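Take a look at the structure below.
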Amino acid sequence: IFYNPNPIDTTTNSTITDVDGNVYTSVTIGTQEWMIENLRTTKYSDGTAIPNVTDKTQWTVLSTGSWCHYDNDNQYDTIYGKLYNWYAVETGKLCPTGWHVPTDAEWTVLTDYLTANGHSGAEGTALKATSGWNSGGNGTDDYLWNGVPGGYRSKQYSFLSILDDGLWWSSSVYSASKANGRNLNVSSTVHSNSPAKQDGLSVRCIKD
C-alpha cells in the first residue's frame with residue numbers, strides 16, 4: 001500500500017460565487033486558500049460592470065479597468081477565464097467579497113511553500129494542470145491548483161501564447177507602467193515577471 005507522508009488536505013475546499021453567479025472551487029495550500037479556476041467575472045464585487053474592450057487600439061491606451069476573452073472569443077471562458085488589465089486589479093474590487101488578487105509577497109509564500117515541500121526547482125510543474133499544455137509542458141497538479149495555459153493580451157501585439165503560457169497578475173506595483181505577475185510555461189519553474197499595466201492577464205483570487 002502506498003503511503004503518502006505528506007497528504008494533501010482537500011477537505012477544506014469551499015465554493016465561492018462571484019457577483020455574476022460564476023461558481024469557483026478553492027483549495028488550501030499551506031497557510032493559503034486559493035481558487036482553482038481563473039476569474040470569469042464581468043463585474044466588480046460592488047456590481048459595477050467592467051467594460052469588455054475588444055478593439056486593439058482602444059485596449060492599448062486604457063488607464064481604467066477592462067476585460068476580454070483570448071482572441072475575443074468566448075469559447076475560451078470556461079477553461080481559461082477572462083483576461084483583465086491591471087487597472088481592473090487596482091480597484092481592489094475584482095475578486096468576490098472576502099477574496100483578493102494576491103500580492104507579490106503572497107505569490108512568493110506559495111512558491112516558497114512548494115520549494116520547502118519537495119518541489120524545489122519544479123514548483124511550476126506542481127501547479128500546472130495535467131493536460132492542455134503544448135510541447136510536453138503538462139504538470140503534475142499536486143495541489144489541485146489547476147494552472148492552465150490561457151495566454152495573454154499584449155499591449156503591443158494583441159493575443160499571444162495560449163497553450164504555452166499562463167500569466168497571472170499580482171496586486172503589487174513594479175513601476176509607473178508595470179505591475180508584478182507570475183508566469184507558468186513549458187519549463188518546471190514559476191517565473192516572476194512585470195507586465196505592462198495595459199496587458200491582459202489571468203487572475204487567481206486568494207482568500208482574505
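The values are calculated or read from the model by the stated rules, or taken from the named source; none is laboratory data. Since we're looking at a predicted model, the values are computed, not measured. When we count neighbours, we look across all protein chains shown, and the Cβ atoms used for this are built from the backbone with ideal geometry, even at glycine. Remember, those area values only see protein heavy atoms, side chains included, never the ligands or the DNA or RNA. Shrake-Rupley method; radii C 1.70, N 1.55, O 1.52, S 1.80 Å.
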Phi-derived 3J(HN,Hα) across the range 77-88 with the Karplus relation (6.51, -1.76, 1.60, θ = phi - 60°), rounded Hz, x for Gly and Pro, is 4, 4, 7, 10, x, 9, 9, 10, 7, 6, 5, 5
Which peptide among 80-93, 128-141 comes first, and what is the full order, when sorted by highest mean count of other Cβ atoms within 10 Å?
80-93, 128-141
How much mean residue ellipticity at 222 nm does the chain get from its helices, if each DSSP H run of length 4 or more adds -39500 (n - 2.57) and you divide by all residues, to the nearest 500 deg cm²/dmol?
-3500 deg cm²/dmol
Counting heavy atoms of the protein chains only and a 1.4 Å probe, report the per residue accessible area for the range 137-208 as a whole number of Å².
36 Å²
Enumerate the amide H contacts of residue 22 below 5 Å, restricted to partners 5 or more residues apart or on another chain; note that Pro and chain-start residues carry no placed amide H.
none
Between rounded, prolate and oblate, where does the range 140-194 land on the alpha carbon gyration tensor, with a ≥ b ≥ c its root eigenvalues, rounded for a/c under 1.5, else prolate if a/b exceeds b/c?
oblate
For residue 138, list long-range residues whose amide hydrogen, built 1.01 Å from N in the peptide plane, is under 5 Å from its own amide hydrogen.
133
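Leaving out ligands and nucleic acids, note down the accessible area per residue over the range 70-131 with a 1.4 angstrom probe, in whole Å².
43 Å²
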Averaging sequence separations of C-alpha pairs under 8 Å and six or more residues apart, then dividing by the length of the chain, give the relative contact order as a whole percent.
22 percent
How big is the chain on each of its three principal axes, counting only the C-alpha atoms and giving the largest first in Å?
58, 35, 34
Between the range 129-208 and the range 17-58, what is the C-alpha centre distance in whole Å?
15 Å
Cα long-axis angle, helix 104-114 against the chain (0 to 90 degrees, to the nearest 10)
20 degrees
In terms of modelled amide H atoms, which long-range or inter-chain residues lie less than 5 Å from the amide H of residue 200?
153, 154, 155
Filtered pair list for the chain (Lys only, Cα < 13 Å, 8 or more apart or interchain) has a length of 6
What Kirkwood radius, in Å to one decimal, follows from the Cα pairs of the range 66-156?
15.0 Å
For the chain, give the percent of accessible area contributed by carbon and sulfur heavy atoms, probe 1.4 Å, rounded to a whole number.
49 percent
Express in nm, to one decimal, how much length is gained between residue 42 and residue 191 on full extension, taking 0.36 nm for each residue of separation and deducting their alpha carbon distance.
50.9 nm
If R0 is 22 Å, what FRET efficiency do you get for residue 13 and residue 105 from their C-beta distance, rounded to 0.05?
0.35
